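Engineer: Quick one: the structure is below, questions incoming.
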Amino acid sequence: MNNKILKQELLAPGHMGCPGCGASLVMRYVLEVLGPKTMVVMPAGCWPTFVGLYPSTCLRVPVMSVPFATTAMAAAGVRASLDRQGKGETNVLAWAGDGGTFDIGLQALSGAAEKNTDIIYVCYDNEAYMNTGIQRSSATPPGCWTTTTPASAPKLEPKKNIVEIMAAHRIPYVATASVGYPRDLMDKVEKAKGLKGTRFLHILASCPTGWRHDTELTMEVARKAVECRAFPLYEVWDGVRWSLTPMAAKTPVTDYLNMQGRFKAMSAPQREVFQNWVDEDWARLSEKCGDNPAA
Amino acid sequence: MAKKQIDSVMQLPVMPLTIEDMTWNKTGTWRLLTPVQQDKTAPCRAACPLGQPDPQMIHQLALGDPAAGLALLMAYNPMPGVTGRLCYHPCQAKCLRKELDQGIAIQSLEKSASEADGAPVLERQADTGKLVAVCGSGPAGLAAAYFLGLAGNSVTVLEPGRTAGGFLTQAKAGQLPPEVLAKEVERLAQVAGVQIKTQAAPNFLAGMDLVLVDESAYAPDSAEAKAVLALVKGGPEPLVLSAEGGFKASQVAHALALGRETANQAQAALGLTAIFAQPELGPVATAEDLSLGFFAPAEASEQAREEAARCLSCGTCNLCQQCALSCPDACCNLDEAGGTIEIDLYHCKGCGICSYECPRGALVMENMP
Amino acid sequence: MKRVIMGTETAALAAVLARVQVVAAYPITPQTVTVEELSDYIGKGELDAAYITVESEHSAMAACVGASATGSRTFTATSSQGLALMHEMLHHAAGGRLPIVMLNANRALSPPWNLYCDHTDSLSQRDTGWIQYYCCDVQDVMDSTFIAYRVAEKVMLPVMINLDGFYLTHTSEVIDVPDQEEVDRYLPPYDPADKVDVDNPSTYGCVCGADLFSSLKYRRQMETLAVEQAWQEASDEFAAQFGRSHAPVQGHNLDDAEVVIVTIGTAGGAAQLAADALREEGVAAGSLNLAMVRPFPYESFRRAVSGAKHLVVLDRDVSFGAEGIVAQEVKSCLYGKSSAQVHCYIAGVGGMDITEEILADMARESLGGQKQGLELGDSIWIKVLP
């Protein structure tokens, strides 16, 4: 009997991801649930850069590496093709970073979601264009250092709320998860797997390289993000039923910010902006979720 | 693991498809620090007069395998069913679970393991051809006989009284029912291949290579005592199991430890190597070594398996596989047999997440040699 | 079966007869009828295919890429701006060696907006690696679709079937529609050796180092250059079965021609009439319909014009800062192989009619006749304001 904690292990060692890569962990967890009958479609980003060095790959499931803007619709093409071939049981996993989801891939994602295309879309969010050298995306939090939001030109805008956008498409399932909580993450993938239509998972994937934290802290940072509610965990069914995932008591954002070099240069007013953004989003989210039990 | 050699582009598929995995890529060369499994000693174990591996035993109970737990105990302790009832359990006073909620009922778990069906099969050394007699069947004598038996000697225990067990026979029946004691004696004899004779006249000691005498088994200056000592004359000097002032029932573990130590002395006297080697135990784990936040609160339970599952296994790998779960490179893996964690240093990039996430502080990052 | 049918409808019907399995398309004039017809065929169950409505042409090609890579016969249609938006995906589809067939309705690119025929849209995609075929009439639309799939799936490259906007997309002609069984005999089901597949997992399109990258390009070039021959063979087999030929180079009275009018698309008909008119004047004229622009049919073209002294090339396009694109291609093909003079005429851009007279006048000018249009660089522009 296989007593391994991850039974599938569809990620082979030897990939080119940075030491301590959160996005690699997210892939391990997602594939653990989805299993070998899964086809991954990924656009430009960290993952396709390190998934392989032609003609070698680190994934034991089929992968299509497609142009940046196309993830969801390339996945829709795969889905249609497989369905036409009677392979409806194969999961189609659209897999993109925050740049590929919040920014350049949003149109295609909306196009696929509007048609409730039968795919699982995972956005592994490391809050900037990490692969190209840490540039700002619309998922970058306010006050955060990136190479295009240096201290001289800080980002003032809050992080785009991608979940609200996706929920507005009334797709069956939208959820957030954090690489710091693998069990919760895998539970949510399991729920997604059990549904049909467009399922969207927004997963925080800490990045030691871009976030400027010790490599060993990858999961810890991702837990702290949840605790301080900079990245709250919740689910939305059919775009209307919102429910919070049980989380540890809310902490001030300072603990989270202080762990990471990317927030080092933040001024006191910027920290306040960050805390206000977190508090306002949290208040709005709490109101939406009300007492809905986590299902 | 070698990368395929491509000599012609026609060897590749028409579509830009991969033909092999990436395992040839020695990402281990990126590493600056190396994860090393380095068990610390659980405080319960450090407190045990016998140094018995409680966390490991408890882990087996949590897995639902009390027989495996019993085998672990009996490598250190011939009578876990007795200590599981009578011992003053200094282990429990040190349990770090108390930092979280309630300490683990270690003694109950020991008792539970001792109730496993059958007798464990422990490794018994090849026959040494040595004849050893142990006069007196108190816990010290039984422990000495047990370990000497495991060492491959032919051991006979001679008990002048009607029941083996020495002062244990005096214990209150509510604490240690006589049938439990009898079963424990029978089991240790079976495991170590020891003969136990009660109401035994010590009349054949002359041919022995070594005799151990527990003087407390005989009334001082009694005929038996004199007879034993007289018979020993002419043979090798008897090894005396000293029990100055005797033991209280609750100190049974100390008596067993004395017997175990005496077995080693006996081995030396026989010109044999020590049978019981106290394992080198690392530094004792403290609350700071643990990630207490990892552990969910859990009520103490009367059910051994549930209670065992509450054990934090302080400083000791219990194959929880958090390291395997948290490796971005799939380098920490439970081995095929399921008994250890293997770290794939050919690929490990040394990020240290495994060490940070180990809830028990059993993985450390060391500088590269 | 004979039928009166429009160009765009024909493209849709050809896709049905080719038994395409996945269609993904975005509407754009003048291609729209094709996607409308296809959605109706699928909706009525007359075509067993998945139809993916998309939110852009970029996504249309993305969906085709996903479908084709997983082993489905895939079709799409676009035009002009839509084709330009697809540009990135065109490179991808060819590099992925995906045998997608696409209709492109040739239309001008804005600004200013103009919906009519212009070849700059497709010709500016020459370097994407797609096979480009230009239809001369409605029958050609039907037949070349089958040939396109047959060639694409053999060489694992995508094919762009080009229809002159309105001249062909919206022209109805009497054509022969083959029976399904006949088409099936010519075009077997798509069963690729390579595909993205859970039963044989591999990664498609990951990062490739310099060590293999140029070798892969070298191989693709080798296999693309072989398309001229592959298309010719597929066309010959088509001719053997259906009696109609659709070769990469289609000549008219070329054997002894000293002056050859070279066109792509529907102007080929007018070019034939112009050549015939010139013959009546005693000029040894012929015409050449360059059906395939990529890969450029070097062998057939050189052979076809081996005796010519003047090549009059019509370009319904321009490469700004250079000259007409077809003329460039022709010059490149003949450089060092022929002493024929190549005359580049830019005309009919944005929908202006190309008549038999215009083409004949071009040929006359090249032989020393009356000056036509305005000379600019190496080209002569017809019917433009000075």
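Engineer: Calculate how many DSSP beta bridges within the protein assembly as shown are antiparallel, expressed in % of all such bridges and rounded to the nearest 5.
Structural biologist: The answer is about 30 percent antiparallel.
Engineer: Test of understanding: ordering C:ASP179, A:ASP291, A:ASP279, B:ASP209 by Cβ neighbours within 10 Å, fewest first, what list do you get?
Structural biologist: Ordered by Cβ neighbours within 10 Å, fewest first: A:ASP291, C:ASP179, A:ASP279, B:ASP209.
Engineer: Run the numbers on chain A and let me know its relative contact order in percent, using alpha-carbon pairs under 8 Å that are six or more apart.
Structural biologist: The value is 17 percent.
Engineer: Roughly speaking, what is the centre-to-centre gap between the stretch B:115-145 and the stretch A:86-150 when only Cα atoms are used, to the nearest Å?
Structural biologist: With the stretch B:115-145 and the stretch A:86-150 each reduced to a Cα centre, they are spaced 67 Å.
Engineer: Right, here's the next one. Of all DSSP beta bridges in the stretch C:2-240, what percent run antiparallel (nearest 5)?
Structural biologist: Just about 20 percent of them are antiparallel.
Engineer: Can I ask one more? On a 0 to 90 degree scale, rounded to 10, what angle separates helix C:210-225 from the longest Cα axis of chain C?
Structural biologist: Relative to chain C, helix C:210-225 is tipped by roughly 60 degrees.
Engineer: Kindly express, to the nearest 10 degrees and within the range 0 to 90, the angle between helix A:268-289's C-alpha long axis and the longest C-alpha principal axis of chain A.
Structural biologist: The two axes meet at around 50 degrees.
Engineer: Right, here's the next one. Please identify every one of the GluC sites (Glu not before Pro) in the stretch C:40-125 that sits in a loop by DSSP and has no more than 15 other beta carbons within 10 Å of its own beta carbon.
Structural biologist: Those that pass, being in a loop and sparsely packed, are C:GLU46.
Engineer: Using a Förster radius of 35 Å, what is the FRET efficiency between B:ALA269 and B:VAL121 based on their Cβ-Cβ separation? Nearest 0.05, please.
Structural biologist: The computed FRET efficiency comes out at 0.80.
Engineer: Under 5 Å between amide hydrogens, which residues at least 5 positions from C:TRP381 or on another chain qualify, with H placed 1.01 Å from N in the peptide plane?
Structural biologist: For C:TRP381, whose amide H was placed from the backbone, the distant partners under 5 Å are C:ILE346, C:LEU374, C:GLU375, C:LEU376.
Engineer: Simple spin-label model, 7 Å along Cα-to-Cβ: B:GLN199 to C:GLN221 in nm?
Structural biologist: 10.6
Engineer: Run the helix sum for chain B: -39,500 (n - 2.57) per DSSP H stretch of 4+ residues, divided by residue count, reported at 222 nm to the nearest 500 deg cm²/dmol.
Structural biologist: -8500 deg cm²/dmol
Engineer: May I pose another question? Using the alpha-carbon atoms, what tilt in degrees (0 to 90, nearest 10) does helix A:182-193 show relative to the longest principal axis of chain A?
Structural biologist: Its long axis makes an angle of about 50 degrees.
Engineer: Could you work out, residue by residue across B:330-338, how many beta carbons of other chains sit within 10 Å of that residue's beta carbon, and then give the average as an integer?
Structural biologist: Average per residue, whole number: 4.
Engineer: Another one. Treating the beta-carbon of each Lys and Arg as +1 and of each Asp and Glu as -1, no other charges, what is the dipole magnitude of the protein assembly as shown about its Cα centre, to the nearest 20 debye?
Structural biologist: In debye, rounded to 20, the protein assembly as shown gives about 2680.
Engineer: Also, I was wondering about something else. Using r as the Cβ-Cβ distance of B:GLU288 and B:LYS98, and R0 as 25 Å, what FRET efficiency do you calculate, to the nearest 0.05?
Structural biologist: 0.95
Engineer: Further question: Report ³J(HN,Hα) in whole Hz for each residue of the stretch B:13-18, in order, from the Karplus equation J = 6.51 cos²θ - 1.76 cosθ + 1.60 where θ = phi - 60°; Gly and Pro get x.
Structural biologist: With coefficients 6.51, -1.76 and 1.60, one gets x, 5, 6, x, 9, 6 Hz.
Engineer: Check C:THR171: other-chain or 5+ apart residues with amide H under 5 Å from its amide H, H built from backbone geometry?
Structural biologist: C:GLY7, C:THR8
Engineer: What is the magnitude of the charge dipole of the stretch C:2-240 about its Cα centre, with +1 placed on the Cβ of each Lys and Arg, -1 on the Cβ of each Asp and Glu, and no other charges, expressed in debye to the nearest 20?
Structural biologist: The calculated dipole for the stretch C:2-240 is roughly 540 debye.
Engineer: What does the average come to when, for each residue of peptide A:19-25, you count the partner chain Cβ atoms lying within 10 Å of its Cβ?
Structural biologist: Taking all residues of A:19-25 together, the mean is 6.
Engineer: Run the quick spin-label model on B:GLU186 and C:LYS383: label points 7 Å from Cα toward the beta carbon, then report their separation in nm to one decimal.
Structural biologist: Inter-label distance under the simple model: 11.5 nm.
Engineer: Using the alpha carbons of the stretch B:275-369, what is the convex hull volume per residue in cubic angstrom, as a whole number?
Structural biologist: Per-residue hull volume (Cα only) is 175 Å³.
Engineer: Turning to a different aspect of this structure: Which of C:PHE213, A:PHE68 comes first, and how do the rest follow, when ranked by fewest Cβ neighbours within 10 Å?
Structural biologist: C:PHE213, A:PHE68
Engineer: Run through the stretch C:279-386 and list the GluC sites (Glu not before Pro) located in a DSSP loop whose Cβ has at most 13 other Cβ atoms within 10 Å.
Structural biologist: Hits after loop and neighbour filter: C:GLU281.
Engineer: Given points 7 Å out from each Cα along the Cα-Cβ axis, report the C:LEU376 to A:LEU156 separation in nanometres with one decimal.
Structural biologist: 4.7
Engineer: Next up: Quick one: compute the contact order of chain B, relative version, from alpha carbon pairs under 8 angstrom and 6+ residues apart, as a percent.
Structural biologist: Once divided by the residue count of chain B, the mean separation gives 26 percent.
Engineer: Using Cα pairs under 8 angstrom and six or more residues apart, how large is the relative contact order of the stretch C:249-381, in percent?
Structural biologist: So the answer I get is 26 percent.
Engineer: Per q in 0.06 Å⁻¹, report the Debye log10 I(q)/I(0) for the protein assembly as shown, using one uniform scatterer on each alpha carbon and no solvent.
Structural biologist: -0.63
Engineer: With 27 Å as the limit, write out which pairs from B:LYS197/B:LYS248; B:LYS98/B:LYS172; A:LYS188/C:LYS195; A:LYS7/B:LYS111; C:LYS44/C:LYS195; A:LYS160/A:LYS288 have Cα-Cα distances beyond it, or answer none.
Structural biologist: B:LYS98/B:LYS172; A:LYS188/C:LYS195; A:LYS7/B:LYS111; C:LYS44/C:LYS195
Engineer: Write out the trypsin sites (Lys or Arg not before Pro) in the stretch C:40-104 meeting two conditions: DSSP loop, and at most 12 other Cβ atoms within 10 Å of their Cβ.
Structural biologist: Within the stretch C:40-104, the qualifying trypsin sites (Lys or Arg not before Pro) (loop, at most 12 other Cβ atoms within 10 Å) are C:LYS44.
Engineer: I need B:LYS111, A:LYS224 ordered by Cβ neighbour count within 10 Å, fewest first.
Structural biologist: B:LYS111, A:LYS224
Engineer: Given R₀ = 60 Å, what would the calculated FRET efficiency be for C:ALA240 paired with A:GLN135, taking r from the Cβ atoms and rounding to 0.05?
Structural biologist: Efficiency at R0 = 60 Å is approximately 0.55.
Engineer: Sticking with this structure for a sec: What is the set of long-range amide H partners of A:GLY97 at a cut-off below 5 Å, with H atoms built 1.01 Å from backbone N?
Structural biologist: Under 5 Å from the amide H of A:GLY97 lie the amide H atoms of A:TYR124, each far enough along the sequence or on another chain.
None of the figures in this text is laboratory data; all of them are computed from the coordinates on show. Bear in mind the structure is a predicted one, so any value in this text is a computation, not a measurement. Glycine also receives a Cβ, built like all others from the backbone with ideal geometry; neighbour counts cover every protein chain displayed.
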